[in-house]
1. In segment 39-49, is there at least one residue being among the β-branched types (Val, Ile, Thr), within 16 Å of ligand 2 (Cβ to nearest atom) and open to solvent by 40 Å² or more (accessible area, probe 1.4 Å)?
2. Please work out which one of (1) at pLDDT below 95; (2) away from ligand 2 (no atom under 16 Å from the Cβ) is the condition Glu10 fails and give its number.
3. Those residues that are modelled with pLDDT under 95 and among the small types (Gly, Ala, Ser), I need them from segment 130-150; list them, please.
4. Residues being away from ligand 1 (no atom under 12 Å from the Cβ) and free of Cβ contacts under 8 Å to residues at least 40 places away in the same chain: count how many of those fall in segment 77-89.
5. Would you call Ala40 more than 16 Å from ligand 1 (Cβ to nearest atom), under 22 Å from Ala191 (Cβ atoms), under 20 Å from the mean Cα position of the chain (by Cα) and of a type in the set (Gly, Ala, Ser)?
6. Any residue at all in segment 142-159 that's over 23 Å from the mean Cα position of the chain (by Cα) and either assigned to a helix (DSSP H, G or I) or buried (at least 17 other Cβ atoms within 10 Å of the Cβ) (or both)?
7. Quick check: is even one residue across segment 62-72 modelled with pLDDT of 95 or more, within 25 Å of Pro222 (Cα to Cα) and within 16 Å of ligand 1 (Cβ to nearest atom)?
8. Could you count how many residues in segment 27-38 are within 13 Å of ligand 2 (Cβ to nearest atom) and part of a loop (DSSP other than H, G, I, E, B)?
Amino acid sequence: MVKLRIKDVEFSYGSNPVLEGVSFDVNDGEILGIIGPNGAGKSTLLRCMNRILKVRKGVIMIDGRNISDFSRIELARIMGYVPQSTHQIFPNTVFDTILMGRRPHLGWKCGEIDIKKVLETIEMLNIVDLAMRDITELSGGQQQKVFIARALAQEPEVLILDEPTSNLDIKHQLEVMNIISKIVKERGITAVMAVHDLNLASRYVDRIIMMHAGKIFAVGNPSDVLTEENIRKVYGVEAIVGEHDGRPFILPIRPADTGTHDS
Ligand SMILES: Nc1ncnc2c1ncn2[C@@H]1O[C@H](COP(=O)(O)OP(=O)(O)OP(=O)(O)O)[C@@H](O)[C@H]1O
Ligand SMILES: [Mg+2]
């Protein structure tokens, strides 16, 4: 079933067009990866999807309903969002930071169920030893795990993640992607994530959208999209694409001499 529908979306910052003619669907139980070079419009698209930004044209729908018709609280209950970078981190314990993910579900106080969900998420993400530490005193990767935990504790139907593993070491990248993948499949929710690491995208996402200069350049399963030709055209990089476990893996070699890439 289609959960999320993005149709003919356009967005500009002032007079600078950033997204043009962007259309795609994401189904229940599906992880969609968004890849593309710096400045391609990935974060802008995710921010339009959670209504931080308002699209200039086109519509974004959840379960067939335009997101502009949702109230703030309705949207917050349905959609979890982990931004690319969190500039403002307020001093607070890890536990309380994750508990804030439950806020859209809370009445005037938090109940046993909310505490239970937070504890479960803390255990799932293997951050029990961090639970009572202050978040401002954690490493970048530890903080990133906490923000992912906060979004998961929220139990959203749609999970939007902007480069969720960018600060994580390789073991924690795999750990976090496994957790996200398991939750998406078990709960039948929908996840959309921007990701720079093509190998990680290849391994974990069901479908990939490759963006270039605000437009969708290619869409399909990892083998369709992650080709040497597409990588050369979009990133301006010569790469060798091999295969492991039925999924492509990418070895970037050098900047290409020609291509349609910016810069
Ligand atoms: N707040 C803003 N005001 C004006 N222009 C912006 C703003 N945020 C982003 N842009 C511009 O919009 C374009 C797309 O930016 P966006 O952040 O969506 O790219 P991205 O694909 O997420 O890149 P990255 O891989 O570096 O995160 C860029 O040219 C960027 O300079
Ligand atoms: Mg970005």
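1. no
2. Exception for Glu10: condition (1).
3. Those that are modelled with pLDDT under 95 and among the small types (Gly, Ala, Ser): Ser139, Gly140, Gly141.
4. Of the residues in that region, 2 qualify.
5. Answer is no for this residue.
6. Scanning segment 142-159 turns up no residue that is over 23 Å from the mean Cα position of the chain (by Cα) and either assigned to a helix (DSSP H, G or I) or buried (at least 17 other Cβ atoms within 10 Å of the Cβ) (or both).
7. no
8. 3
The values are calculated or read from the model by the stated rules, or taken from the named source; none is laboratory data. None of the values given here were measured: they were computed from a predicted structure. Don't worry about glycine lacking a Cβ; one is built from the backbone with ideal geometry, like all the others, and counts go over all protein chains shown. Just so you know, the surface numbers come from the protein's heavy atoms only, side chains and all, with ligands and any DNA or RNA stripped out. Shrake-Rupley method; radii C 1.70, N 1.55, O 1.52, S 1.80 Å.
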